[in-house]
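Q: What follows is a structure written as structure tokens; I'll ask about it next.
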Amino acid sequence: METTLYQNHLAILEEELQVAMGCTEPIAIAFAAAKARQVLGRMPEHCSVKCSGNIVKNVKGVTVPTSGGLRGIEIAALLGLTGGDADKELAVLTAVTPETRDEARRLLGSGLCSCELIEGVANLYIVVEVAAGDENALVEVVNHHNNITRIEKNGKTLLKKDAQQEAAAESACDRSLLNLKNILQFADEADPADLAPVLNRQIEYNSKISAEGLTGKWGAAVGCTLLERQNPPSLELKARAWAAAGSDARMAGCSLPVVINSGSGNQGITITMPVVVYAEALGASEEQRLRALALANLISVHQKKYIGSLSAYCGAVSAATGAACGVAYLKLKGKISEEALYRVMSDTITNSICTIGGMVCDGAKSSCAAKIAAALESAFTGLEMSLKQRVFQPGEGLTMDSVEDTIAAVGRMGRVGMKSTDVEILNIMLGH
């Protein structure tokens, strides 16, 4: 693989697979609030949080870590203000202590923090304004959960990213270069020493929170419910259960960190756990596991580049599809030709996203675990079909002439076609 292309794929993994604690939308609010306080230099007397609809949707129903079981924009911002460490970015709330948590809970409903839906902005948009005495500060986050685009203090602009700067940042990780052939080549040729630091962390963190989810103490216990279906469970059922269990814990406010993909911990867990479960069962080497997981992560990112970080399209679908391809890599690499492996991957993607693509995202909450389980079931069915050379044909719905065209078509449906769905979901959730 050409060096520039290799480095681009590696940089995408390094940028995408960040550590986050809790659902990334409330965490992004906490991060912005903590940064605003840091800029202000003291605890504010007033804080205003303005968010896009997709942020509101994903904060409304999910428990904020370290909050003691509370939900919502206000507690996320207050935890960031009272005890968050902005330098930790998406792990901002790891710095919260029992004392700062109690202070945040005491301030709830005090009027210190106001929250507002803002329309006509990016799907991922947060602006936090704080004030104390004669001083004030503003922090704006756009497009990515830790992407600060503007900082102001007392009316003076300290940071402002323009369109050219944003484009330059994006070009450092050019996702337009992703396609299935390049991803397969990268997985085959990547130096394990390059992959290990970021992927072993993903395995460690996501395995730990999934194990915690299987204690049955979190959420709706979807993972446990799946395991109770069979004794012993099939390998596929175990993979689905472990992925769902991580979401059970995370959506219920478990404070264990996760490694995300495409801005989502749930997607990171969905990609990771099936590969981990199958690698162990198949006796795969660490190198094989790393290559399969690199492929799974990049296939998910490849799909999401068309859809965007936040939309009405449930990201568990793209993550589950990537995971199924990772499992296929573990099972088949070295046993069939490269052409045959590419065909299996292509057909698995087509079968998966042309079955369950379009499952709606109605915010982060306990049912995300069940959606993960459903998405993985569909993806594994797609893989099983592909192994028997069965695939949906071009002209059937959104199935196009090539896998790349099919991914783009489903992505367009998620980004453009489901835009009005997203608005209606938010209106329903807000009681409008």
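The values are calculated or read from the model by the stated rules, or taken from the named source; none is laboratory data. What you see is a predicted model, and the numbers here were worked out from it, not measured in a lab. Glycine also receives a Cβ, built like all others from the backbone with ideal geometry; neighbour counts cover every protein chain displayed. When the accessible area is computed, the model is the full protein with side chains, heavy atoms only, and any ligands, DNA or RNA have been set aside. Shrake-Rupley method; radii C 1.70, N 1.55, O 1.52, S 1.80 Å.
Q: Quote the charge dipole size of the chain about the Cα centre in Debye, to the nearest 20; the model charges only the Cβ of Lys and Arg (+1) and of Asp and Glu (-1).
A: Using Cβ point charges on Lys, Arg, Asp and Glu, the chain gives about 820 debye.
Q: Mind checking the dipole of the stretch 382-423: about its Cα centre, +1 per Lys or Arg Cβ, -1 per Asp or Glu Cβ, Debye to the nearest 20?
A: Dipole about the Cα centre, nearest 20: 100 debye.
Q: Enumerate the lysines that K153 could reach by cross-link, defined here as Cα to Cα under 23 Å, with residues fewer than 8 away along the same chain left out.
A: K35, K50, K88, K161
Q: Amide H neighbours of C23 under 5 Å, counting only residues 5+ apart in sequence or on other chains, H built in-plane at 1.01 Å?
A: Residues meeting the amide H criterion: none.
Q: Which angle from 0 to 90°, rounded to the nearest 10, does the C-alpha axis of helix 338-356 make with the longest principal axis of the chain?
A: Value to nearest ten degrees: 50.
Q: Enter the angle in degrees (range 0 to 90, nearest 10) between the Cα long axis of helix 24-40 and the first principal axis of the Cα atoms of the chain, meaning the one along which they spread out most.
A: That helix lies at roughly 40 degrees to the long axis.
Q: Tell me which residues come under 5 Å, amide H to amide H, from N136 once H is placed; ignore anything under 5 positions away on its chain.
A: So N136 has HN proximity to N154.
Q: With the cut-off at 29 Å, tell me which of the pairs K208/K304; K208/K371; K57/K333 have Cα atoms farther apart than that.
A: Where the Cα-Cα span goes over 29 Å, the pairs concerned are K57/K333.
Q: Considering amide H positions built from the backbone, and no H for Pro or chain starts, which residues 5 or more places from G253, or on another chain, come under 5 Å of its amide H?
A: The answer is T63.
Q: Hey, can you find the accessible area per residue of the chain for me, probe 1.4 Å, expressed in square angstrom?
A: Details: 16820 Å² over 432 residues.
Averaged over the residues of the chain, the accessible area is 39 Å².
Q: What's the local net charge at W218, with K and R +1, D and E -1, over the other residues with C-beta under 9 Å away?
A: Computed value for this residue: 0.
Q: Compare the peptides 14-21, 337-344 by average per-residue count of other Cβ atoms within 10 angstrom and give them in order, highest first.
A: Numbers: 14-21: 21.2, 337-344: 14.1.
In descending order of packing, they fall as 14-21, 337-344.
Q: To continue, here is another question. Which value at 222 nm does the chain reach when only helices count, each DSSP H run of 4 or more adding -39,500 (n - 2.57), with the total divided by all residues and rounded to the nearest 500 deg cm²/dmol? It would help to have the intermediate numbers written out before the result.
A: On the way: 17 runs with 241 residues, N = 432.
So the calculated ellipticity at 222 nm is -18000 deg cm²/dmol.
Q: Counting other Cβ atoms within 10 Å, keep those with at most 11, restrict to DSSP loop, and tell me which GluC sites (Glu not before Pro) in the stretch 65-100 are left.
A: The qualifying sites: there are none.
Q: To continue, here is another question. If the cut-off is a Cα-Cα distance under 13 Å, which aspartates and glutamates reach K305, setting aside same-chain residues fewer than 8 apart in sequence?
A: Once the sequence-local aspartates and glutamates are set aside, what remains near K305 is E16, E170, D174, E404.
Q: Helix 403-412: angle to the longest alpha-carbon principal axis of the chain, degrees 0 to 90, nearest 10?
A: 30
Q: Sequence gap at least 6, Cα distance under 8 Å: using those rules, report the relative contact order of the chain to the nearest whole percent. Write out the running numbers ahead of the final one.
A: On the way: 908 pairs, mean separation 74.8, N = 432.
Value for the chain: 17 percent.
Q: Moving on. Can you give me the C-alpha center-to-center distance between the stretch 197-249 and the stretch 358-416, rounded to a whole angstrom?
A: Taking the Cα centre of the stretch 358-416 as reference, the centre of the stretch 197-249 is 22 Å away.
Q: Springs between alpha-carbon atoms under 10 Å, Gaussian network over the chain: tell me which of D85, D134, D362 tops the mean-square fluctuations.
A: D134
Q: Between the DSSP loop rule and a limit of at most 16 other Cβ atoms within 10 Å, which trypsin sites (Lys or Arg not before Pro) in the stretch 189-266 are left?
A: K217, R229
Q: Okay, next question. For the stretch 362-432, build the charge dipole from Cβ charges (+1 Lys, Arg; -1 Asp, Glu) around the Cα centre, then report which of G382, T421, S367 sits farthest towards its positive end.
A: Highest projection toward the positive end goes to S367.
Q: Quick one: what are the phi-derived ³J(HN,Hα) couplings along the stretch 153-161, Karplus 6.51/-1.76/1.60 with θ = phi - 60°, whole Hz, x for glycine and proline?
A: 9, 6, x, 9, 7, 9, 8, 8, 8
Q: Then there's this: Using each residue's phi in the stretch 384-401, evaluate 6.51 cos²θ - 1.76 cosθ + 1.60 at θ = phi - 60° and report the 3J(HN,Hα) Karplus result to the nearest Hz, with x for Gly and Pro.
A: 4, 4, 5, 5, 9, 6, 10, 8, 5, 9, x, x, 8, x, 8, 6, 9, 6
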